[in-house]
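The structure appears right after this line, and notes come after that.
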Amino acid sequence: REMFITLLHKTLPSEGEDVVLLKVIGELDNDGKTKIITYEMIDYYDNHTNLSSMMRTTGFPVSVTADLIARKEISNFGVFTPEEIIPTSLFLDELRKRNMIIEKQVYNQN
């Protein structure tokens, strides 16, 4: 474990500009018709705000959730993940307002 940490510190920069890549692939089977759904995002370091992409991609979803609770747009309270209580389109729209764009593609398999 210590060797792995040492190697990461040597090869991965801990400061400066970063990028986060996201790709999620899912398969939906409905009445014998299969659809492949993908979500993709590339998020870069923000020079204007000096926020790293890792800061943005970990912090913005939490702030969106808190904002929606404050605006009373979420009716469930307790211990939930965002995908359990926030409609996907609303969540993606709120992230888009923060210049974090997650693209959705749907492909028919059959």
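The residues of region 1-34 that are of a type in the set (S, T, N, Q) and open to solvent by 70 Å² or more (accessible area, probe 1.4 Å), listed by number, are THR11, SER14, ASN30. Among residues of region 27-50 that are farther than 10 Å from TYR107 by Cβ, those with a beta-carbon under 7 Å from a residue that is basic (Lys, Arg) and outside any strand (DSSP E or B) at least six positions away or on a different chain give the pairs ASP43/ARG56; ASP46/ARG56. Pairs are defined by a Cβ separation below 7 Å, a sequence spacing of at least 6 or placement on different chains, a first member in region 1-22 that is closer than 20 Å to HIS48 by Cα and at pLDDT 80 or above, and a second member that is part of a helix (DSSP H, G or I) and not polar (S, T, N, Q); the pairs so defined are ASP18/MET54; VAL20/MET54.
Take the residues in region 76-109 that are of a type in the set (Val, Ile, Thr) and under 11 Å from THR65 (Cα atoms), then tell me which one is surrounded by the fewest Cβ atoms within 10 Å (Cβ to Cβ).
Filtering region 76-109 for residues that are of a type in the set (Val, Ile, Thr) and under 11 Å from THR65 (Cα atoms), the one surrounded by the fewest Cβ atoms within 10 Å (Cβ to Cβ) comes out as THR81.
Criterion first (open to solvent by less than 100 Å² (accessible area, probe 1.4 Å), touching a residue at least 60 places away in the same chain (Cβ under 8 Å) and in contact with a Phe, Trp or Tyr (Cβ under 9 Å, 6 or more places away or on another chain)) does ILE69 satisfy it? Taking the combined requirement at face value, the residue does not satisfy it.
Selection of region 50-85 for residues being in contact with a helix residue (DSSP H, G or I) (Cβ under 8 Å, 6 or more places away or on another chain) and of a type in the set (Phe, Trp, Tyr) yields PHE60, PHE77.
The values are calculated or read from the model by the stated rules, or taken from the named source; none is laboratory data. Small disclaimer: the values here were computed from a predicted structure and weren't measured. Using ideal geometry, Cβ is built from the backbone for each residue, glycine included, and neighbour counts are taken over all protein chains shown. Side chains are part of the model used for accessible areas, which takes the heavy atoms of the whole protein and leaves out ligands, DNA and RNA. Shrake-Rupley method; radii C 1.70, N 1.55, O 1.52, S 1.80 Å.
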